[in-house]
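I have placed the structure first, in the form of structure tokens, so that the comments after it can refer back to it.
The values are calculated or read from the model by the stated rules, or taken from the named source; none is laboratory data. Everything numeric in this text was worked out from a predicted model, so none of it was measured. No Cβ is skipped: glycine too gets one built from the backbone with ideal geometry, and neighbour counts run over all protein chains shown.
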Amino acid sequence: MFTLNQFASWLTDSHWPCIVISILVFLESSPVVGLFIPGVLLLPAIGALSGSNMLEFEKIFLCCLAGALMADSLGYALGRLGYGEWHHRFSSRGHNRIRQQAGNFLHHYGGVAIFVGRIMWLIHPLVPTLVGALGAPAWRFYLLDTLAVILWLALELGLGHGLLVYTRQFTGSFSDWLIMSLGLLVVFIGIYSWRRQSYFRDNK
């Protein structure tokens, strides 16, 4: 079986770790595809690679930044081209609800929503497309989006890095402590999702 240790070793020993990381983050931040990739788990796992001294944190950060900004640029361009209309027609019922919630959030809070929405788990792959569909100026989008992505990556990658550095003070392999760290994140996601659903249910 392909273990986490083997994947980490393959990634760090390959000639293109930055390209692989950029592609993973690109997919996580892409419209529609990103809804099925839990970035709140993926990014801390990538950050853990620097915590285990397999890759430099600065290098990982720049690779992730490139992938996220490329995905956001794609989403914004698709929004300006009218992607939002046919996406709304062919999306599943559950994702339409998420799209409507994100759209209401952007309408209500304006420019602040671009920054905050890009950081929020679950809806952030949809934000660039919705911003483009709403006709926001490119300079405004890229300024707020870039700042949000930098903060988002610093938090997510830093979490994975810090957790692994802390847990490696004890006896255990990379995969053991990474799995434990991701388990804690799953608990956090469950609590967050419950609170988020309660919020939207109470504000219908």
#### Entry: Options Ser50, Ser92, Ser29, Ser9; residue that is modelled with pLDDT of 90 or more and of a type in the set (S, T, N, Q)
Ser29
### Summary
The correct count of residues that are of a type in the set (Val, Ile, Thr), crowded, with 20+ Cβ neighbours inside 10 Å and either at pLDDT 90 or above or not in a helix (DSSP H, G or I) (or both) in the range 106-152 is 2
### Summary
Flagged pairs (Cβ under 6 angstrom, 6 or more apart or on separate chains; first in the range 134-156, closer than 15 Å to Gly79 by Cα; second of a type in the set (A, V, I, L, M, F, W, C)) are Phe141/Val131
### Task
Answer yes or no: is there a residue in the range 37-53 that is more than 17 Å from Val127 (Cβ to Cβ) and among the hydroxyl-bearing types (Ser, Thr, Tyr).
yes
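If a residue has to be at pLDDT below 75 and in a helix (DSSP H, G or I) to count, how many in the range 153-173 make the cut?
4
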